[in-house]
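Read the structure below first, then the notes.
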Amino acid sequence: MDHEADANRTDLMTITRFVLNEQSKFPESRGDFTILISHIVLGCKFVCSSVNKAGLAKLLGLAGDTNIQGEEQKKLDVISNEVFVKALISSGRTCLLVSEENEDAIIVPPSQRGKYIVVFDPLDGSSNIDCGVSIGTIFGIYMVKDINNVTVQDALQPGSKLVAAGYCMYGSSCTFVLSTGYGVNGFTLDPSLGEFILTHPNIKVPKKGKIYSVNEGNAKNWDEPTTKYVANCKFPQDGSSPKSLRYIGSMVADIHRTLLYGGTFMYPADTKNPNGKLRVLYEVFPMSYLMEQAGGQAFTGKQRALDLVPEKIHDRSPIFLGSYDEIEKIKELYAEL
């Protein structure tokens, strides 16, 4: 037994240690945010464990209900949603929860209430469970204005008001990516310790990218700027090499690759979905926040994504996000309209 190696493992930067270090920069902090993050992390560990044994535990298949988005709910969707709702309420630090799986927002009882609002997609890409493709949890955190008078309207804030956002990807490894407004950091779950360890400090998305990611099956319904941008990816006019197409169809996995390797992720509006397909509060906002924190951009086709003000909790929006220079090109194409 290598005792020296074991001793070195105790010097690792865990996510708890990382968040506590961040907290120490703010003398007025009471630790509420740290407690909230630790409950989200616990939920992610539970879901990761459930995803890993889904086939064995016969958790796969349909739960029989259809969620608010009209998608058939997988059993893991239901389990993940319950896990996060319970973890967030029991933290005693939340007052309002918005989940993709619930039609209405959940207002936390006054006795368990805290100052944070959490918007989340408990299991994004769950239609990919059966084929082993990476799936994930996405979340965003806001502050409430008045803890004694909480309404659904409190969740309808622009993405620029987020205090933190992140996602947890369940794939070949379990990866937790977090921003609290001071850059983006990635942690990987060490199963032997049951701890998330800092493996990707200060993630910066490359300024340019060689990859574009979009569902080209919708190409006939796209608007002109999207069509032009994708055509230029495949047939560049400046003599450069064509870009590679990579589309997993699981937003967390596609965004994770874009953050690390650069490029563009797009889910544009089209004639079939004129308002886009992805949900503003718990998909577009958290991912746009992370992309901007990593030095990239996020654009809706009309404006900066984080400046959107949602009218309903399940609003949708088109989205283009990724490397700074690539999104600039898309903005130029839309400016020509």
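The values are calculated or read from the model by the stated rules, or taken from the named source; none is laboratory data. These figures come from a predicted structure and were not determined experimentally. Every residue, glycine as well, gets a Cβ built from its backbone with ideal geometry; the counts of neighbours run over all protein chains shown. For accessibility, only protein heavy atoms count, side chains too; no ligands or nucleic acids. Shrake-Rupley method; radii C 1.70, N 1.55, O 1.52, S 1.80 Å.
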Sequence gap at least 6, Cα distance under 8 Å: using those rules, report the relative contact order of the chain to the nearest whole percent. 15 percent
Under 24 Å from the Cα of LYS86 - lysines, other chains or at least 8 residues apart: LYS45, LYS53, LYS58, LYS74, LYS75, LYS115, LYS145, LYS312
Using the heavy atoms of the protein chains and a 1.4 angstrom probe, tell me the accessible area per residue for the range 214-337 in square angstrom. 43 Å²
How many percent of all Cα-Cα pairs in the range 87-165 sit more than 20 Å apart? 35 percent
Rank these by accessible area, largest first, 1.4 Å probe: LYS220, LYS234. LYS220, LYS234
Computed accessible area, ILE107, all protein chains, 1.4 angstrom probe, square angstrom: 80 Å²
With a 10 Å cut-off between alpha carbons and a GNM built on the chain, which of LYS243, LYS115, LYS25 moves the most? LYS25
With springs connecting C-alpha atoms under 10 Å apart, model the chain as a Gaussian network and identify which of SER127, SER240, SER91 has the largest mean-square fluctuation. SER240
Once Lys and Arg are counted +1 and Asp and Glu -1 for all other residues with Cβ under 12 Å from that of LYS243, the total becomes +4
Among all stretches of the chain without exposed GluC sites (Glu not before Pro) (DSSP loop, at most 14 other Cβ atoms within 10 Å), which one is longest? 104-310
Under the helix-only model (-39500 (n - 2.57) for each DSSP H run of 4 or more, divided by the residues of the chain), the mean residue ellipticity at 222 nm, to 500 deg cm²/dmol, is -9000 deg cm²/dmol
Taking protein heavy atoms only, a 1.4 Å probe, and rounding to whole percent, the accessible area of the chain owed to carbon and sulfur comes out at 52 percent
Can you tally the net charge around VAL150? Count Lys and Arg as +1, Asp and Glu as -1, for every other residue whose Cβ sits under 11 Å from the Cβ of VAL150. +1
Could you tally the net charge around HIS39, taking each other residue with its Cβ under 13 Å from the Cβ of HIS39, Lys/Arg +1 and Asp/Glu -1? +2
Are there cysteines in the chain with no other Cys C-beta under 4.7 Å, and if so, which? CYS95, CYS131, CYS233
Among THR175, THR226, THR94, determine the one that fluctuates most according to a GNM of the chain built with springs between C-alpha atoms less than 10 Å apart. THR226
How compact is the chain by the rule of thumb for globular proteins, expressed as Cα Rg over 2.2 N^0.38 Å? 0.99
Taking the C-alpha atoms of the range 234-337, convex hull volume expressed per residue in Å³: 118 Å³
For the range 114-255, what ratio Rg/Rh do Cα atoms give with a Kirkwood hydrodynamic radius? 1.04
Of LYS208/LYS272; LYS234/LYS329; LYS272/LYS331, those spanning more than 24 Å from alpha-carbon to alpha-carbon: LYS208/LYS272
